Amino acid sequence: MRRYRRGVRSSFLCNKAWLNYFLSQAETQLMSLVELIKTQALTTHYQPIIDTYRSHLIGYESLIRGPVGHRLERPDTLFAESEALALRDTLEQYCLIAAVRNFDAKQFSGSLFININPNLLLQPDCLAVLNALPEQTAASIILELSEHYPIENIQELKAQMHRLRAVGYRFAIDDLGAGHSSFKLWAEVRPDYVKLDRYFISDINNSPYKREFVQHIVTLAKNLHATVIAEGIETQEELRQLQKLGIYASQGFLIGRPSPSPIAVHTLTERISHDDVADRYDALSTLLESTTVICSDRCIADILDYFEQNKRLIAIPVVDQGKTVGIIRRGQFMELMSTPFGRPLFARKPARTVMQANFLVVDVRAPLEQASALLTENEDTFEQQILIATNQDEYAGIIPVASLLRRITELKIQNARYANPLTLLPGNVPINQTIDQYVHDGEPFSVLYFDLNFFKPFNDEYGYHRGDAVLQLFANLLEEYFPKSHHFVGHVGGDDFIVISQESSPNLQTLNYLKKAFQEQVKSFYKAPHLKDNGMVGRARNGRFRKFPLLDFCVAIIAIPSGTSLSHQDIASTAAQMKGRAKKAKDGIAVYHTHQKTLSSLTNE
């Protein structure tokens, strides 16, 4: 009994010692965390988020860090301790204030993304901080609602978010797919951004299941007018796969690591492989798939096994010595095999006896428009089901027609998004992309930069409605004289237009025909007195009145040689300078050959 009691006493003393130790440690931890907050020893790091489609900065996500070498240096440790000590809300408010203060002080560009527990938006202290910020600052802040906490009162949260939106705040859902009720929260709060959890990004290039899931997220986001941000991107392969899926808002170590100071935008965009330019435009290669391939001597019994073992196999290309000689489609083949004498009659015969020769072939390097035209011209588009892709006339794989049609639809939507709302011509984003694609292809081409002369006084006299009609007329004429088969026509903005031509030296006669057509048709927009005077009096940019001739245009032509390393920024800058020369030229045309001079020499002239 004594031993038992002694044991109990010994155990009790042990427990008491442990309890004292625990309380001591807890007090130390509490003081340490409070001390870090009081002394402002916690530092805010900022991780960039960029749009890889337009190569521009979206903003930065703020991330808190403890002092270097401190046991609370890591954010997960820091927040875990604040949670255990019931200081989470205090820490989050500190992070919010510190992030905004440093962001303004260091003059970061773009928006500021701040993680926040959504329940914090229901607390007066936090709302007081947010409401105290000026509207200009509020308009640059995106509050990321963490899904790691169940919402206490969703209706009150929505009401508070509505009030905050009214003064400029925007919202994002963080780590979509990792929390308690991801899609329910999305449906309730309608965020401006949704950030995909790292799980779906990691190794997505090797996971068809992740790609399928993410593709549905992209479609849902488009319908709900939200931008998808992929966070945690670490490899070029992940980035390229996300771009193929239509996700361009990107964040991760590949883009830029968290840093106390802003990172230059050009530094961020340079970290993206130049191969991405090719991937972005080489749409057919991104649709390329491998499949079962047979030679024309293969036994039909083997072909039957292939179709029976793989229910998703829709067709089998027949390839001899690298050349596609035929195709065997599931529907017709299985129908033949299901006849009473199908199998006994054909089982031992070679594939050439049942293969079909009516298949569509497209070079994998061809533009998407060419494949689209191929389908349009074919009466049996849906019967085809797949295109045979070749590379230098050698079999390269297949392109499912369904995938091609989906990509064409996506590009139409994308082009519509960046089109000029008046003329519906492609705007600056597709213009820049097209120039970069021509440069990447390495072939000579030319850029024609058009500007309407005397458009401002015409607009002042006749109003914007008639001015818009003139712009529409000129856009229609450009499309008429520069057909899409060899040219790209875009609307830079205002009365500036651009044509990117496969011809290294555009036909000047075509420009003369265009000029005559425009000069003749634009007369219908003038009043009789102005036509009689061959012009009108209007206010010049210096405020003085003078006579202006009837509307006309000038054009600066930039001839680009093969193998150039110029960027679209270089070419646009040169075109803008040459436009001034074109306005002074008697015929309104100025031609510049980049192989005769460097761009810097033009600037210095």
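The values are calculated or read from the model by the stated rules, or taken from the named source; none is laboratory data. Owing to the predicted nature of the structure, the values given are computational and were not obtained by experimental measurement. Cβ: placed from backbone, ideal geometry, glycine included. Neighbour counts: every protein chain shown.
At-a-glance table
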read-out: Strands (runs of 3 or more DSSP E) wholly inside the stretch 259-365 containing at least 3 residues that are at pLDDT 90 or above; value: 315-320, 323-329
read-out: Filter result (closer than 22 Å to ASN223 by Cβ and buried (at least 19 other Cβ atoms within 10 Å of the Cβ)) within the stretch 139-169; value: ILE142, GLU144, LEU145, GLU147, MET161
read-out: Yes/no for LEU452 being more than 28 Å from HIS530 (Cα to Cα) and either surrounded by 20 or more Cβ atoms within 10 Å (Cβ to Cβ) or not assigned by TED's automatic domain parsing to the domain that holds LEU368 (or both); value: no
read-out: Failed criterion for TRP186 (all others in (1) of a type outside the set (Val, Ile, Thr); (2) part of a helix (DSSP H, G or I); (3) within 20 Å of GLN93 (Cα to Cα) hold); value: (3)
read-out: Unmet criterion (only one of (1) aromatic (Phe, Trp, Tyr); (2) under 23 Å from LEU374 (Cβ atoms); (3) surrounded by fewer than 17 Cβ atoms within 10 Å (Cβ to Cβ)) for PHE341; value: (2)
read-out: Verdict on PHE525 being closer than 18 Å to LEU448 by Cα and in the same structural domain as ALA590 (by TED's automatic domain parsing); value: no
read-out: Residue in the stretch 296-310 that is surrounded by the fewest Cβ atoms within 10 Å (Cβ to Cβ), counting only those that are under 19 Å from THR324 (Cα atoms) and touching a residue at least 40 places away in the same chain (Cβ under 8 Å); value: ASP297
read-out: Test: residue in the stretch 421-429 that is β-branched (Val, Ile, Thr), part of a helix (DSSP H, G or I) and modelled with pLDDT under 90; value: yes
